[in-house]
Amino acid sequence: MATQDRREVLSAGAGLAAEIALESGGELGEQLQEVKARGYWEQVWRRFRKDKIAIASGVLIILLFAAAFGGAPLASKWLGHGPNDIYPTAGVNQETLVPAGPLHHGVDLEGKEIFFPLGGADTLGRDLFLRLLYGARVSLEVAIGATLISMIIGVLLGATAGYFRGWVDALISRFTEITMAFPQLLLIIALAATAGDRLNNITFGVFPPGVITLVLVLGVFGWFYPARIVRSQVLSLREKEFIEAARMVGSSDWRIIRSHLLPHLVAPIIVYSTLIVAQFVLAEAGLSFLGLGIKLPTASWGSILSVAPEFYTQQPWLMVWPGLAVLFTTLAFNLLGDGLRDAFDPRGAAS
């Protein structure tokens with residue numbers, strides 16, 4: 001009879017959960033009340049942390065940043081020399097005139113013992129270990145800086161084209177296609193041959209020579225893919241009900257873009273940013289390998305690789321270490337981007 005009385009006070013919309021809680025004496029009802037709603041970012045994190053490969057890639061990237069910006073100065077202080085210091089007698093095998101191998105102890109012209117953990121980097125006796133660490137700093141600075149510039153330009157132009165459509169969309173789309181077809185490598189060669197030295201000397205007192213030049217060139221000519229992605233997203237979002245509601249209450253176009261559209265573009269922006277960083281790391285290494293990027297004596301993975309072919313049979317480690325650094329860095333950013341894409345869009349991952 002008590003159960004019937006308690007059942008009578010339930011409304012018609014109480015649902016199955018309330019009926020089950022009533023039958024179970026309220027214990028299950030108390031458990032149901034303890035369940036908390038999860039927010040969007042909490043759900044993204046719960047999905048992302050299940051991807052062990054993406055987590056490992058993120059840890060590797062954090063360690064890379066720590067080694068490049070924190071570990072490099074500490075290693076230089078520990079070894080007692082810098083990445084650009086030359087030791088033609090200590091870091092080079094005097095019999096074969098080939099850079100010394102790993103775990104080499106040499107003596108410089110002053111009789112001081114010099115330790116090379118990974119051996120010499122070139123015939124001038126530079127330290128390969130330190131140049132790898134400082135080269136990581138250069139690659140990350142170029143990649144992150146170029147990514148920021150390209151994403152800012154791409155998001156602004158893509159959002160503008162997708163929202164306003166019409167002649168604005170046509171103008172930005174044609175400009176995007178021209179940028180995509182522009183011979184970027186020829187421009188870099190022309191800059192290196194004409195104003196390369198003057199541009200490379202622009203460092204703002206913080207960056208190594210040549211970093212700002214590569215950041216500007218790669219960033220200015222790398223925004224077209226983000227623009228196309230953002231444009232397609234905005235074309236779909238502008239037809240949603242919340243955009244119509246914002247227009248009805250009198251919100252301006254730029255307020256709608258800033259406050260209503262851009263927050264919904266955070267996911268694709270984050271995912272594509274991690275993917276494009278890997279492309280810029282490869283671009284910097286390739287240009288430096290060709291002698292068009294970071295110039296000697298500044299340390300760079302590409303410049304280290306440019307010396308390696310001369311000694312690939314006698315000292316293959318010159319190719320192995322910088323090659324593995326480029327490989328694992330690009331792979332980590334790509335795997336992290338894949339994991340973030342699956343976490344933000346589980347339906348796309350399932351398909």
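The values are calculated or read from the model by the stated rules, or taken from the named source; none is laboratory data. The model shown is predicted, which means the values in this text are computed figures rather than measured ones. Cβ placement follows ideal geometry from the backbone for every residue including glycine, while neighbour counts extend to all protein chains displayed.
Filter the helices (runs of 4 or more DSSP H) completely within region 1-81 down to those with at least 1 residues that are loosely packed, with under 14 Cβ neighbours inside 10 Å and at pLDDT 50 or above.
15-23, 27-34, 40-48, 52-66, 72-79
Can you find, within region 104-139, the residue that is surrounded by the fewest Cβ atoms within 10 Å (Cβ to Cβ) among those that are basic (Lys, Arg) and in a loop (DSSP other than H, G, I, E, B)?
Step by step, filter region 104-139, then rank; the result is LYS112.
Just checking, which of GLY154, GLY145 is within 23 Å of GLY70 (Cβ to Cβ) and not in a loop (DSSP other than H, G, I, E, B)?
GLY145
Restricting the search to region 305-345, which residues are more than 22 Å from VAL142 (Cβ to Cβ) and hydroxyl-bearing (Ser, Thr, Tyr)?
Correct list: TYR312, THR313.
Step by step: first the residues of region 313-325, then only those that are touching a helix residue (DSSP H, G or I) at 6+ places or on another chain (Cβ under 6 Å) and either without any contact (Cβ under 8 Å) to a residue 60 or more places away in the chain or over 27 Å from ILE62 (Cβ atoms) (or both), then the one that is surrounded by the fewest Cβ atoms within 10 Å (Cβ to Cβ). Which residue is that?
MET319
Check LEU140 against each of (1) closer than 20 Å to THR330 by Cβ; (2) over 17 Å from the mean Cα position of the chain (by Cα) and name the one condition it does not meet.
Tallying (1) closer than 20 Å to THR330 by Cβ; (2) over 17 Å from the mean Cα position of the chain (by Cα), LEU140 fails exactly one: (2).
Identify the residue in region 186-221 that is loosely packed, with under 12 Cβ neighbours inside 10 Å and more than 21 Å from PHE69 (Cβ to Cβ) and, among all such residues, is modelled with the highest pLDDT.
LEU186
Given (1) among the basic types (Lys, Arg); (2) within 27 Å of the chain's Cα centre (by Cα); (3) farther than 30 Å from THR96 by Cα, where does ARG174 come up short, assuming only one miss?
(2)
Restricting attention to region 241-255, does a residue exist that is within 18 Å of MET151 (Cα to Cα) and either acidic (Asp, Glu) or crowded, with 17+ Cβ neighbours inside 10 Å (or both)?
Scanning region 241-255 turns up no residue that is within 18 Å of MET151 (Cα to Cα) and either acidic (Asp, Glu) or crowded, with 17+ Cβ neighbours inside 10 Å (or both).
Under 6 Å between Cβ atoms, which residue pairs at least 6 apart in sequence (or on different chains) link something in region 201-216 that is in the same structural domain as ALA136 (by TED's automatic domain parsing) with a partner that is of a type in the set (Gly, Ala, Ser) and surrounded by 13 or more Cβ atoms within 10 Å (Cβ to Cβ)?
Pairs found: LEU214/GLY293; VAL215/GLY145; VAL215/ALA146.
Sort out for me the helices (runs of 4 or more DSSP H) sitting completely within region 235-304 that have 1 or more residues that are of a type in the set (Ser, Thr, Tyr) and closer than 20 Å to LEU64 by Cβ.
Per the criteria, 266-289.
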